[in-house]
Structure formats: C-alpha cells, structure tokens
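Student: Take a look at this one; I'll ask things after.
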Amino acid sequence: MDNERNQRRFESVYSKKVRAGKRRTYFFDVRKTKGEDFYLTLTESTKKFNGDGYERHKIFLYKEDFNRFLDSLEDAINHVKENLMPNYDYDEYTRRHEEFEARRDEEDGEFDDAEDDDEPEAMESPSKQKFDVGSDDDMSW
C-alpha cells in the first residue's frame, strides 16, 4: 500500500532511455510531485560484472537548477571537445550506436516471426522496472 501511494505521489510523466555501451544505460525521467511540481531524475544503470542485477546511481535535478546545470554541463563538454581532445571523432559512437540499433532491429524482426514468448522484455525506466533484463540488452561495440 505504501509503495502504491509513493508511485502516485511521484508520478513519472516522461522518460527517455539512452543506451551507452554494453553495460550502461542512462534514464532521464520527468517526475511530478503531489503538489503538481516537476523535477528530473538522471539515473545511470550499470549491469554488474557478475551478471547479478544492476547498480543504479541517481541525481535529482530541480527546476530552479535546470539552467545552471545545463550551462555547466555544456561548458564542461565543450572544454573537453575544444581544448582537451579537439581531434577526437565524437560522432564515432553515434555511428556505432546507429549500426547496432539497425542490426538489433533486423534481428528482432527475425524473432517476431518465431513467436518466442520466453524472450525478455526491453529495459524500462528505473521507475518502472526491477532490472531483471537479459543480456541481449547489451550493446556490442
């Protein structure tokens, strides 16, 4: 009953998942408070090396800090890109990710035809799941 009350109290209204390698996924969740206010949770979910679940790290970001946080994040990223590693190909991982997604979509099409009910569900936002997904959620770099 308490868990159900907490779910209603901090309702998730928007979620974005970013896969970032074999073992790491980021979640950006907009949550709504009981008082009709909104905040953002940033969650890093990392699959444990022993394969026994996931580790999660969360940051809560409140609306009054959005602009300063975004400005500082952009400043730090631009410093790395422009001053520390100006010759690095930052689009390399975007291309790899797109290739991985395309291969996975092709493979998923093959599995759809097989009607395999034992296939694990896709990873959801940390606010909606218990981190018991299969290893096929990993990206192969």
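Student: Any idea how far apart residue 76 and residue 106 come out in nm if each label point goes 7 Å out from Cα toward Cβ?
Tutor: For the pair residue 76/residue 106, the computed spacing is 3.8 nm.
Student: Return the FRET efficiency for the residue pair residue 65, residue 90: r is the Cβ-Cβ distance, R0 is 25 Å, and the value is rounded to the nearest 0.05.
Tutor: Numbers: r = 26 Å, r/R0 = 1.04.
It comes to 0.45.
Student: Once phi is turned into ³J(HN,Hα) by the Karplus curve 6.51 cos²θ - 1.76 cosθ + 1.60 with θ = phi - 60°, what whole-Hz value does each residue of region 25-36 show in order, with x for glycine and proline?
Tutor: Ordered by residue, 3J(HN,Hα) equals 9, 10, 10, 10, 10, 8, 10, 10, 7, 4, x, 6 Hz.
Here, each number is a calculation from the coordinates, and none is a lab measurement. Note that the structure is a prediction, hence the values are computed from the model and not measured. In this analysis, Cβ positions are derived from the backbone assuming ideal geometry, glycine residues included, and neighbour counts consider all displayed protein chains.
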